[in-house]
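Could you have a look at this structure, given as structure tokens, before my questions?
Nothing in this text is a laboratory measurement; each read-out follows from the coordinates by a stated rule. Everything numeric in this text was worked out from a predicted model, so none of it was measured. Every residue, glycine as well, gets a Cβ built from its backbone with ideal geometry; the counts of neighbours run over all protein chains shown.
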Amino acid sequence: MNGNNRPLSPHLQIYRLPLAALLSILHRATGVFLSLGTLLLVWWLVSVAQGESGFNNANAIIGSWFGQLILFGWSFALFFHLSNGIRHLFWDAGYGFEINTVARSSVAVLAVSVTLTVSVWLIVYL
Amino acid sequence: MSLQTPLARARGLGSAKEGLHHWWMQRVTAVALIPLTLWLVYAIACIADADYKTVIDELSSPLNSSLLISLIIAAFYHAALGMQVVFEDYISTKSTRIVCIVVTNLLLFFLAITAVLSVVRIALGGH
């Protein structure tokens, strides 16, 4: 958003996106998504605090295919932001900046977040 | 006039000693959220198919309600700090940027209070 006619630097749609860059913007995107997702947690807690009927209503909505889809997306966003966030903490401490290391940790972050997401849903459904 | 060199001044503690605060609190809440998030997912998976009574019992245990309130505070603080950076990066008009940041902070603050109060109500059985 640019309201004062000053030049803007090139944006996401200009640059090519190697994996590291894709994960970088995905970290931010999942962060914004999870901030919105806090609404889900607050709504559920308020429903439960209302008593048994509120609890049943909330569970009916969460149990629908749409609710499960939102919850699935939320769980992946959570696991991705968590794993990539741990990688960011290592960077903050000064470790893992070599290009080879970044390439490997990118793949590791994706693998861990997909594995955790799938495992949790398998455990819940099986 | 200061007799210090510019470098010596720059080596101080930053602007009013608070330049690092936003960055640091983002990391502190991030570290706190690592175990809290794993616990939350575990707790949700445990009560996924549970009935009302079981869920209330689980949420009412002192350990679980304390962990949940800690998670709520850390997560909303973390979200407010993160959303602020997103607005600062993408909104170049100063007035719009400030309005977005303040409105988001107030909304997240309100949501956090609502969530904490719900947990307290559930824990104390006041429903």
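Mind telling me which of the residues A:Leu23, A:Leu39, A:Leu78 ends up being hydrophobic (A, V, I, L, M, F, W, C), surrounded by 15 or more Cβ atoms within 10 Å (Cβ to Cβ) and under 17 Å from B:Leu40 (Cα atoms)?
A:Leu78
Tell me whether region B:18-27 contains one or more residues that are exposed (fewer than 15 other Cβ atoms within 10 Å of the Cβ), small (Gly, Ala, Ser) and at positive phi.
No, region B:18-27 contains no residue that is exposed (fewer than 15 other Cβ atoms within 10 Å of the Cβ), small (Gly, Ala, Ser) and at positive phi.
Surrounded by fewer than 18 Cβ atoms within 10 Å (Cβ to Cβ) and either under 17 Å from the mean Cα position of the chain (by Cα) or part of a helix (DSSP H, G or I) (or both): does that describe B:Ser118?
no
So which of B:Ile56, B:Ile73 is assigned to a helix (DSSP H, G or I) and farther than 28 Å from A:Ala93 by Cβ?
Matching residue, one of B:Ile56, B:Ile73: B:Ile56.
Would you mind finding the one in A:Phe66, A:Phe33, A:Phe97 that is within 17 Å of B:Val86 (Cα to Cα), more than 7 Å from chain B (Cβ to nearest Cβ) and aromatic (Phe, Trp, Tyr)?
After applying the criteria, what remains is A:Phe33.
Quick grid of which residues meet (1) in a helix (DSSP H, G or I); (2) under 15 Å from B:Ile44 (Cα atoms):
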residue: A:Phe55; (1), (2): yes, yes
residue: A:Leu69; (1), (2): yes, no
residue: A:Phe80; (1), (2): yes, no
residue: A:Gly96; (1), (2): no, no
residue: A:Thr101; (1), (2): yes, no
residue: A:Leu110; (1), (2): yes, no
residue: A:Val114; (1), (2): yes, no
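Tell me which of these B:Asn64 doesn't satisfy, since it passes every other one: (1) farther than 16 Å from A:Val120 by Cα; (2) assigned to a loop (DSSP other than H, G, I, E, B).
Evaluating B:Asn64 over (1) farther than 16 Å from A:Val120 by Cα; (2) assigned to a loop (DSSP other than H, G, I, E, B) leaves (2) as the failure.
What pairs come up if the first residue lies in region B:48-65 and is touching a residue at least 12 places away in the same chain (Cβ under 8 Å), the second is among the hydroxyl-bearing types (Ser, Thr, Tyr), and their beta carbons are under 8 Å apart, counting only those six or more places apart or on different chains?
Correct list of pairs: B:Leu59/B:Ser65.
Which of the following residues is within 10 Å of another protein chain (Cβ to nearest Cβ) and either over 23 Å from A:Gly85 (Cβ atoms) or in contact (Cβ under 8 Å) with a residue 40 or more places away in the chain (or both): B:Ala45, B:Ala115, B:Ala74, B:Ala32?
Sole residue among the options that is within 10 Å of another protein chain (Cβ to nearest Cβ) and either over 23 Å from A:Gly85 (Cβ atoms) or in contact (Cβ under 8 Å) with a residue 40 or more places away in the chain (or both): B:Ala115.
Ok, one more. Given the condition farther than 24 Å from B:Thr114 by Cα, touching a Leu at 6+ places or on another chain (Cβ under 8 Å) and loosely packed, with under 14 Cβ neighbours inside 10 Å, answer yes or no: does some residue in region A:85-92 qualify?
no
If the requirement is being out of contact with any Cys (no Cβ under 6 Å at 6 or more places or on another chain), more than 15 Å from A:Leu82 (Cα to Cα) and not polar (S, T, N, Q), which of these qualifies: A:Ala29, A:Ala21?
After applying the criteria, what remains is A:Ala21.
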